[in-house]
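**Q** The structure is given below, and queries will be raised subsequently.
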Amino acid sequence: MNKSLLNILWAMLLPFAMVACSPEDYGDANEDLVPSITDYADFITVTVDQTTNLVTLNMNSQGVMPVWILEDGTTSNENGYEMTVRLAGTYTIEAKVSNKYGISDGSVTKTYTLDNTLLDKELITNLCGGLENNIKEWVWNSKADGHFGCGESYDNPTNWWSCSANGKDGWGMYDDIFTFGYNGGGTSGSYIYNPGDGGTIFVNTGCTFNPFNEYNTNDGNDYMATVAIQNSTWTLVYEGNNLYLEFPTGTFVGYVSNEDAYNTPKFKIISITSDKISMSCYNGSIAWKYEFLSKEVFDSGADAEIDGSQYSTAIVGTWMWDETTNGHFGCGSTAATPTEWWSCDAEGKAGYGLYDDILTFDVNGNYTFNPGEGGTIFCNWGTYTFMDPNLLYYSNDGSTDFQCPVSLQTTTYSVTNDGSTYYVEFPAKTYVSYVPSEEVYNNPKYQITKMTNSMIEFSSLGTGISWRYRFVKVK
């Protein structure tokens with residue numbers, strides 16, 4: 001019997017022991033009274049809501065408790081256990097039964113199937129401008145370093161070469177317009193490629209196939225090919241936890257890198273925000289990064305997203321919560337989808353000791369957390385076991401978020417990366433305005449998902465859940 005199951009058994013036995021009145025009520029262990037899984041197999045049910053991808057595990061019998069052994073190795077003894085499963089497919093659950101005498105030696109396996117992959121609606125809203133009959137135009141993020149480049153893999157698409165801001169001006173790229181449309185259903189929509197006023201698309205010198213080869217200069221240099229406006233489609237597809245944007249064969253996506261990318265236009269999503277799309281294609285030998293900016297943002301000259309290479313400089317300053325923006329705070333399953341489960345409305349946490357917090361980063365790597373006039377930090381209800389017991393808004397049963405009194409804290413920070421993904425990291429037990437879990441408190445590392453010169457979004461990296469933090473620079 002593994003350690004986790006022993007822990008579950010002890011947790012179940014403890015209530016019985018606490019209420020026992022006599023040896024007759026609670027006698028010695030009796031193996032003959034350990035439940036047999038064969039007696040209860042028909043009482044175990046798995047129900048699936050195909051609309052929300054919510055899976056519910058039930059034991060419909062009295063006198064025993066379930067022990068669920070999930071595919072990732074975690075366990076639970078909660079009857080009516082619920083979980084949201086993102087990807088379409090067929091899954092298995094192993095189940096045992098238990099009582100105060102022990103856990104069944106045997107187990108049963110139940111299977112369930114999800115018909116649809118659950119996509120974060122925010123992704124489609126960001127891509128297409130809404131969830132109904134919407135379209136949104138994009139252009140190359142040409143003013144930012146690293147908007148284009150090549151590298152060794154999907155995850156390192158600029159480590160061989162990274163294009164500087166406006167580095168391909170005059171090559172038929174920066175007048176391209178990419179229009180993504182959505183009609184209110186599914187995980188796909190319409191796509192239009194407009195080659196712009198010049199009517200050309202940028203092509204790699206190695207592309208010697210039609211319809212591009214007639215424009216090939218054959219001098220070892222990249223070239224421009226004349227193309228017309230093209231109507232096509234797009235589809236978002238998950239493979240494991242990786243999200244891809246796919247197009248039909250022969251779809252133009254702004255740069256023709258090689259024959260594989262033309263015949264199979266498939267891009268791994270680095271991020272999709274309301275302002276920026278970062279993605280990469282890979283043919284097994286070379287990866288290319290494509291980064292687009294909302295045409296509306298580009299044309300307005302507004303505070304646009306910056307490249308990760310600029311984060312270390314841009315983070316220097318004083319920041320507070322972007323409390324007037326919907327989605328400034330929230331939670332989801334991954335750092336890339338940190339508001340899919342819950343998104344905080346503007347001012348949604350007023351009065352919780354959050355919005356007066358002040359975060360200051362200096363050029364020498366020093367970080368200061370000021371809890372504001374209230375002198376408290378906002379804490380998730382599950383953190384009551386290790387935060388200071390002298391609390392406000394504390395329910396004493398660990399079921400309510402609360403405020404914890406803290407003092408001004410000065411420590412250090414660093415901006416790091418592992419290729420195209422950037423993080424802001426702090427020493428253990430650093431306050432970062434909201435304490436979501438003990439894991440994040442002890443290892444405060446946050447993935448930066450979006451940044452301009454006046455705004456930053458980053459996500460916590462805790463197991464099973466990620467939290468969004470969005471701040472604006474105030475000085």
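The values are calculated or read from the model by the stated rules, or taken from the named source; none is laboratory data. Since we're looking at a predicted model, the values are computed, not measured. Cβ coordinates were reconstructed from backbone atoms using ideal geometry, including for glycine residues, and neighbour counts include every protein chain displayed.
**Q** Among the residues of segment 409-427, which ones are part of a strand (DSSP E or B), more than 9 Å from TYR367 (Cβ to Cβ) and not aliphatic (A, V, I, L, M)?
**A** SER414, THR416, ASN417, TYR422, TYR423, GLU425
**Q** Hand me the list of strands (runs of 3 or more DSSP E) wholly inside segment 309-382 holding 3 or more residues that are crowded, with 18+ Cβ neighbours inside 10 Å, assigned by TED's automatic domain parsing to the domain that holds THR84 and in contact (Cβ under 8 Å) with a residue 60 or more places away in the chain.
**A** Values: elements: 317-321, 329-332, 358-361, 366-370, 376-379.
Per the criteria, no element qualifies.
**Q** Turning to a different aspect of this structure: Just need a number here: residues in segment 211-229 that are loosely packed, with under 15 Cβ neighbours inside 10 Å and part of a strand (DSSP E or B). Explain how you work it out, then say what you get.
**A** As a first pass, look at segment 211-229 and keep what is loosely packed, with under 15 Cβ neighbours inside 10 Å: 211, 213-214, 217-221, 226, 228-229.
This time we only want the ones that are part of a strand (DSSP E or B), so: 226.
Result for segment 211-229: 1.
**Q** Any chance segment 245-254 includes a residue that's part of a strand (DSSP E or B) and touching a Pro at 6+ places or on another chain (Cβ under 8 Å)? Give the derivation first.
**A** Within segment 245-254, the first condition is being part of a strand (DSSP E or B), and the residues that meet it are 245-246.
Imposing the further condition that a residue be touching a Pro at 6+ places or on another chain (Cβ under 8 Å) reduces the set to 246.
Yes, some residue in segment 245-254 is part of a strand (DSSP E or B) and touching a Pro at 6+ places or on another chain (Cβ under 8 Å).
**Q** Still on this model: With respect to THR416, determine if the residue is among the β-branched types (Val, Ile, Thr), at pLDDT 95 or above and over 30 Å from GLU152 (Cα atoms).
**A** Working: among the β-branched types (Val, Ile, Thr): yes; at pLDDT 95 or above: yes; over 30 Å from GLU152 (Cα atoms): no.
For THR416, the condition - among the β-branched types (Val, Ile, Thr), at pLDDT 95 or above and over 30 Å from GLU152 (Cα atoms) - is not met.
**Q** For segment 255-262, does any single residue satisfy the condition of being touching a residue at least 24 places away in the same chain (Cβ under 8 Å), buried (at least 18 other Cβ atoms within 10 Å of the Cβ), in a loop (DSSP other than H, G, I, E, B) and not hydroxyl-bearing (Ser, Thr, Tyr)?
**A** Taking segment 255-262 and keeping what is touching a residue at least 24 places away in the same chain (Cβ under 8 Å), we get 255-262.
Still in the running and buried (at least 18 other Cβ atoms within 10 Å of the Cβ): 255-257, 261-262.
In the following step, the residues that additionally are in a loop (DSSP other than H, G, I, E, B) were identified as 257.
From what's left, not hydroxyl-bearing (Ser, Thr, Tyr): none.
So far as segment 255-262 goes, no, none of its residues is touching a residue at least 24 places away in the same chain (Cβ under 8 Å), buried (at least 18 other Cβ atoms within 10 Å of the Cβ), in a loop (DSSP other than H, G, I, E, B) and not hydroxyl-bearing (Ser, Thr, Tyr).
**Q** For ASN133, which of the numbered conditions (1) farther than 30 Å from SER309 by Cβ; (2) surrounded by 15 or more Cβ atoms within 10 Å (Cβ to Cβ); (3) of a type outside the set (Lys, Arg) fails to hold?
**A** (2)
**Q** When you scan segment 286-306, do you find a residue that is assigned by TED's automatic domain parsing to the domain that holds SER466, modelled with pLDDT of 95 or more and assigned to a loop (DSSP other than H, G, I, E, B), even just one?
**A** Scanning segment 286-306, I find no residue that is assigned by TED's automatic domain parsing to the domain that holds SER466, modelled with pLDDT of 95 or more and assigned to a loop (DSSP other than H, G, I, E, B), so the answer is no.
**Q** Kindly check whether there is at least one residue in segment 38-49 that is β-branched (Val, Ile, Thr), out of contact with any strand residue (DSSP E or B) (no Cβ under 6 Å at 6 or more places or on another chain) and under 17 Å from SER333 (Cβ atoms). Reasoning before the result, please.
**A** Of the residues in segment 38-49, the ones β-branched (Val, Ile, Thr) are 38, 44-48.
Filter once more, keeping what is out of contact with any strand residue (DSSP E or B) (no Cβ under 6 Å at 6 or more places or on another chain): 38.
Remaining after also requiring under 17 Å from SER333 (Cβ atoms): none.
For segment 38-49, residues β-branched (Val, Ile, Thr), out of contact with any strand residue (DSSP E or B) (no Cβ under 6 Å at 6 or more places or on another chain) and under 17 Å from SER333 (Cβ atoms): absent.
**Q** Sticking with this structure for a sec: Please go through segment 264-285 and pick out each residue that is within 22 Å of the chain's Cα centre (by Cα) and not in a strand (DSSP E or B).
**A** THR273, SER274, ASP275
**Q** Could you figure out which of (1) touching a residue at least 60 places away in the same chain (Cβ under 8 Å); (2) over 25 Å from ILE270 (Cα atoms); (3) of a type outside the set (Asp, Glu) isn't true of LEU236?
**A** (2)
**Q** Please find, among THR109, THR125, THR52, THR45, the residue that is surrounded by fewer than 14 Cβ atoms within 10 Å (Cβ to Cβ), under 30 Å from ASN183 (Cβ atoms) and either touching a Leu at 6+ places or on another chain (Cβ under 7 Å) or not small (Gly, Ala, Ser) (or both).
**A** THR52
**Q** Looking at segment 151-167, can you tell me whether even one residue there is farther than 24 Å from ASN417 by Cβ, of a type in the set (Phe, Trp, Tyr) and either surrounded by fewer than 17 Cβ atoms within 10 Å (Cβ to Cβ) or in the same structural domain as ASP49 (by TED's automatic domain parsing) (or both)? Explain how you work it out, then say what you get.
**A** First, the residues of segment 151-167 that are farther than 24 Å from ASN417 by Cβ: none.
For segment 151-167, residues farther than 24 Å from ASN417 by Cβ, of a type in the set (Phe, Trp, Tyr) and either surrounded by fewer than 17 Cβ atoms within 10 Å (Cβ to Cβ) or in the same structural domain as ASP49 (by TED's automatic domain parsing) (or both): absent.
**Q** Considering only segment 101-117, state which residues are assigned to a strand (DSSP E or B) and within 35 Å of the chain's Cα centre (by Cα). So that I can check it myself, show each step before the final result.
**A** Here is the first cut: in segment 101-117, the residues assigned to a strand (DSSP E or B) are 102-103, 108-114.
Hits for segment 101-117 are VAL108, THR109, LYS110, THR111, TYR112, THR113, LEU114.
**Q** While we're on this one: Please verify whether segment 428-446 includes one or more residues that are in a loop (DSSP other than H, G, I, E, B) and either closer than 30 Å to LYS143 by Cα or of a type in the set (D, E, K, R) (or both).
**A** Restricting attention to segment 428-446, the residues satisfying the condition of being in a loop (DSSP other than H, G, I, E, B) are 428-433, 436-437, 443-444.
Restricting the remaining residues to those that are either closer than 30 Å to LYS143 by Cα or of a type in the set (D, E, K, R) (or both) gives 429.
Checked against the condition, which is being in a loop (DSSP other than H, G, I, E, B) and either closer than 30 Å to LYS143 by Cα or of a type in the set (D, E, K, R) (or both), segment 428-446 yields at least one hit.
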